[in-house]
1. Work out how much length Asp512 to Asn844 would gain on full extension: take 0.36 nm times their residue separation and subtract the Cα-Cα distance, in nm to one decimal.
2. Between Trp597 and Glu214, what FRET efficiency comes out of the Förster formula 1/(1 + (r/R0)^6) with R0 = 56 Å and r the beta carbon distance, rounded to 0.05?
3. Would you please give the FRET efficiency between His541 and Glu618, computed as 1/(1 + (r/R0)^6) with r the Cβ-Cβ distance and R0 = 35 Å, to the nearest 0.05?
4. Considering region 241-317, what Rg and Dmax in Å follow from its alpha-carbon atoms?
5. Which of the peptides 708-715, 779-786, 465-472 is most tightly packed, and how do the rest follow, going by the mean number of other Cβ atoms within 10 Å of each residue?
6. Sticking with the crude label model, points 7 Å out along Cα→Cβ, report the distance from Arg311 to Arg91 in nm, one decimal please.
7. Dipole of the chain (Lys/Arg Cβ +1, Asp/Glu Cβ -1, origin at the Cα centre): which of Ile477, Gln394, Ala787 lies farthest to the positive side?
8. Could you tell me the ratio Rg/Rh of region 594-734? Both radii from Cα atoms, Rh via Kirkwood.
Amino acid sequence: MTRARLRETRFRRFGTLIYVAVLGTIFPGAVAADKTEPSEWTIEQARLCWKPMTRAVQHVGVPGYQFQTGVTWDGALVFGPLEFYNFKAIRDEMAPLGKHLMHVSFGFGDAMRLLDRQGTLHPKIRRSIEQGRLPIPHVETRDGDLSWRETVFAHLLDRPMKPWPEPKPGDVLVTHAVFRVRNTGLTRRIGHLWMHFGDTKKIFFGYKCRQVPELAESIAFRFESPYGRLDDGIRFALPTPRKGVLNVHPEVKKVDGVNGPAKNVVEWAVPLAPGEEAELRLLIPFGVVDEKTAERIVAVDSQKTFDEVRRYWDDLQRDAAGQIRTPDPFINDYLAALPGQIAQQVAYREHTTQVWMYKTSPNLYEKYWPVNGSKSLPVFDMRGMGWLNRRLVQSIIDMRTDDVGGLNRANMGGGKVLEGEGYAKAPGFLGIYRGWTANPLLLSHGLNLCALVAHHRITRDDEWLRSGDPSPLEVMIEAFDWIAKQRRRTMREVDGRRVSHWGLLPAASAHDWLAGNTIFNDAYCVVAQAEVVRLLREIGHPRAEEMAREMNDYRRCLHDRYVEARDRARPLPLEDGTTIPYVPRVIQELDWAKPDWTYTGYSAVRAGAWGAFDPRDELVNQALAFLEAGLPRGEGYYYAGAAKSDNSDRNLVDVSDPAAPRHYLWRHYVEYETMWPVGAPLFLARDDLPRFFEWFAHNFAFTIHQDFRVGVESLDGVPACSPGDTERWLAVRNMFVREDGGYDGSAQSLWLLQAIPREWLKPGDRASARRIFTYFGGQVDVALRVADDGRSVTVNAVIGKMAVRPKEIRVRLRSGDGSPLASATVNGVAAPILPGDTIVLPSNTQDRLQIVAWFR
């Protein structure tokens with residue numbers, strides 16, 4: 001057995017120990033697992049390995065309107081953005097809203113009780129979204145025989161949902177929280193709903209979501225039915241219910257579930273006979289409004305509006321391109337929920353820069369991370385929401401500049417100037433959104449450039465590509481040339497020797513506190529240049545080959561510099577006394593113990609995932625081996641406080657144990673910051689199915705709030721943080737339909753059914769991916785059906801009018817039980833069987849194919 005294979009086996013055994021140990025610790029009393037790791041992980045098996053996240057947050061809003069209402073795990077309502085970062089742009093946007101910040105908490109019972117403020121998955125609270133896939137949350141709370149159901153949705157006042165109400169000045173977002181209570185018992189009961197309207201100082205949507213055990217200070221309102229009035233206007237409305245009474249309590253001295261009293265509480269007391277139901281409407285505009293506006297709000301028919309909002313979101317997901325169906329209902333719902341979840345996070349900043357953005361820290365501080373937003377933009381096109389993406393990509397064009405701001409400074413562009421060459425003033429930088437930028441990044445420049453290229457490659461809209469002043473094509477070329485110009489600055493010598501970062505970009509900010517000549521800054525700029533080259537070749541641009549030479553020189557420089565850095569770096573010691581190479585994250589940082597955050601230690605893994613390096617390159621192999629080998633006891637990065645955490649960080653105790661011989665930067669390929677998963681693109685590009693299915697099963701089992709169908713930034717952290725949900729949708733799309741290769745800007749191939757899990761291939765199973773937009777232009781439909789005996793699979797595929805011919809079209813034909821592929825026909829003609837249960841299809845730009853596969 002080779003040393004590499006021995007190390008892989010050791011890591012696999014470590015994964016098995018995690019699996020078995022977690023069953024006995026997180027889920028005591030669970031059925032004992034086999035002593036071997038599954039041959040192919042399933043989501044059901046993976047769920048047994050994790051203690052689920054508990055602090056789900058769902059947002060409600062309208063596409064384009066820049067603010068959304070947060071609905072927490074216990075049904076509380078949050079009107080932000082929460083005030084953790086005081087900066088001018090958001091202040092200017094918030095100014096017209098008045099004193100709008102508010103955190104509304106709800107209690108139940110004869111005596112006021114907040115059942116699960118801390119977020120513990122209390123069994124008497126259940127969460128869901130409408131139809132399992134629409135962004136309309138429901139929170140059900142059980143109070144003895146009383147069943148309470150809170151439904152929350154939002155719309156723009158006096159504006160229909162269809163056609164889409166593009167934002168305009170003066171829009172008022174209205175949030176409806178409709179409470180229905182039913183007496184399920186056999187005796188008469190009085191239901192009590194307690195409402196506390198506090199400020200936002202006791203709620204956090206930061207790196208971890210939490211509500212402080214104490215209630216916030218009440219906002220200074222007086223209740224004059226039906227309005228909650230502030231000095232400068234009306235903050236909320238409680239229309240008189242048909243049944244029951246509204247009472248105001250200046251103070252409730254004892255509140256179960258929190259520390260201290262609650263002041264200025266509104267109570268709804270409603271008598272209910274057995275089987276009787278009643279309803280209360282709480283209507284909250286996003287901002288303080290005048291009395292005439294409040295009267296219009298109260299006059300809104302909530303049931304009619306709910307039906308309209310539900311129909312809008314239902315039509316959006318039903319009509320969307322990129323429809324994927326699997327045998328797993330949860331996966332289907334999660335994928336179908338994506339259009340609504342991401343569309344309502346698109347914001348138009350009307351008072352400052354008139355810029356569109358896909359928000360990256362919703363309802364929190366709302367500074368913009370273009371690197372995160374831009375990574376999601378191709379999915380808007382792939383899901384048929386080009387009407388939103390056209391606005392988003394136009395803002396990339398509008399924000400281009402020759403001012404790099406604090407790009408060459410530490411600490412998110414606000415610290416000391418970095419050593420090095422600095423940046424020349426040149427047009428074409430895409431990494432800053434003026435007053436909105438959280439951190440000026442080269443990654444933002446590269447990924448914004450990728451988003452522009454992707455929009456054309458997917459839509460093949462030549463008129464868009466060449467229209468405007470400047471046109472998108474001119475902006476792409478300018479942004480490419482900006483990279484070329486800046487990296488010339490590092491082509492210098494000191495004392496007759498080339499600098500260690502020769503031919504790369506100058507030192508720059510990389511994440512919150514990391515800065516320097518980092519591999520991921522350069523890698524994403526290489527990828528962006530390769531995408532531009534591919535587009536220019538496809539349209540026959542005269543500069544295509546000149547720019548291809550520039551890009552490939554940059555790509556070689558990146559590779560050569562990190563080979564040199566690896567050779568200088570301290571090797572990683574293993575338990576058996578041997579060592580393996582360490583590929584640094586920064587050219588000048590040569591010690592593997594230095595990385596002080598998880599994803600920054602991935603180094604060449606990210607470069608391989610996107611193709612800045614070949615995914616099977618030696619540097620990628622070595623970086624992956626480093627991550628799987630783990631770090632020696634007492635050295636390198638540990639998750640601080642995981643064992644004492646009150647949130648889902650506790651899942652990381654076994655991979656970050658100071659007493660263990662080794663510790664690790666991920667667990668079953670689940671990363672601490674779950675919204676930037678590297679495993680899916682890396683393992684698919686390497687065609688490494690065992691690792692991919694481990695990544696897939698564990699990410700979908702754990703990193704998504706199962707009830708609200710929404711992902712997070714970190715475990716139990718910022719909700720709906722891009723690009724996480726789009727990355728997961730893209731992973732499943734790529735399992736069915738994926739572009740492959742062409743890392744140097746050359747032609748790509750097309751993979752069909754590359755990675756369909758065996759758990760979706762049981763006898764009689766069906767799966768499909770329809771109206772899948774591709775980077776070749778055109779769409780692909782592919783559907784499979786497993787025979788009732790499981791011995792064969794029939795695949796029907798339609799290749800629809802591609803603008804560019806794929807270099808190759810390959811399909812993988814897997815069985816549900818692991819039996820190898822024995823034979824296959826394409827439209828009735830026998831096809832040669834290739835390694836990995838694959839066959840090659842005719843490489844046509846348009847075709848209709850029926851494939852039948854038989855297994856041994």
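1. Details: separation 332, 0.36 × 332 = 119.52 nm, distance 4.67 nm.
Gain in length upon complete extension: 114.9 nm.
2. On the way: r = 32 Å, r/R0 = 0.57.
Using R0 = 56 Å, I get an efficiency of 0.95.
3. On the way: r = 34 Å, r/R0 = 0.96.
About 0.55, to the nearest 0.05.
4. Radius of gyration, then largest Cα-Cα span, for region 241-317: 17.2, 47 Å.
5. Values: 708-715: 25.2, 779-786: 19.9, 465-472: 14.0.
Output ranking for 708-715, 779-786, 465-472: 708-715, 779-786, 465-472.
6. 4.5
7. It is Ala787, whose Cα lies furthest towards the positive end.
8. On the way: Rg = 14.8 Å, Rh = 15.5 Å.
My calculation puts Rg/Rh at 0.95.
The values are calculated or read from the model by the stated rules, or taken from the named source; none is laboratory data. Note that the coordinates shown come from a computational prediction; the quantities given were computed from them, not determined experimentally. Note that each Cβ is placed from the backbone with ideal geometry, even for glycine, and that neighbours are counted across all protein chains shown. SASA here: full protein model, heavy atoms, side chains in, ligands and nucleic acids out. Shrake-Rupley method; radii C 1.70, N 1.55, O 1.52, S 1.80 Å.
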